[in-house]
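Novice: Take this structure, written in structure tokens, and hold onto it; I'll ask about it next.
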């Protein structure tokens, strides 16, 4: 396996991880920011208050985008398995 191929595979893998994790991370960020803003405005500084809304929002985001995430991962894995013979030369 050449260094260029290994670098390409590493870059594709990292890009896929970023792409697949983005929906859950962005939803968690948005909900956390909103809850934090509401806590600052109302001066209620309870740490556990933001946990349940974030957990619920991330669960919904994963339920909505889970099929797409799985499809992306399966496509990448299939292409990786099919390229093994070519990489071994």
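Every number here is computed from the coordinates shown, using simple stated rules; none is lab data. Just so it is clear, the model here is predicted, and its values are computed rather than measured. Methodologically, a virtual Cβ is constructed for each residue, glycine included, from the backbone with ideal geometry; neighbour enumeration extends over all protein chains shown.
Novice: Against the definition (within 16 Å of the chain's Cα centre (by Cα) and without any contact (Cβ under 8 Å) to a residue 60 or more places away in the chain), how does residue 62 come out, yes or no? Before you say what the answer is, go through the steps one by one.
Specialist: Working: within 16 Å of the chain's Cα centre (by Cα): yes; without any contact (Cβ under 8 Å) to a residue 60 or more places away in the chain: yes.
Spelling it out, residue 62 is indeed within 16 Å of the chain's Cα centre (by Cα) and without any contact (Cβ under 8 Å) to a residue 60 or more places away in the chain.
Novice: Just to be sure, is residue 39 without any contact (Cβ under 8 Å) to a residue 40 or more places away in the chain and at positive phi? So that I can check it myself, show each step before the final result.
Specialist: On the way: without any contact (Cβ under 8 Å) to a residue 40 or more places away in the chain: yes; at positive phi: no.
No; evaluated as a whole, the condition is false for this residue.
Novice: Pairs, please: C-beta under 6 Å, at least 6 apart or cross-chain, first residue under 15 Å from residue 79 (Cα atoms) and in the range 9-32, second surrounded by 13 or more Cβ atoms within 10 Å (Cβ to Cβ)?
Specialist: If the second residue must be surrounded by 13 or more Cβ atoms within 10 Å (Cβ to Cβ), the pairs left are 16/76.
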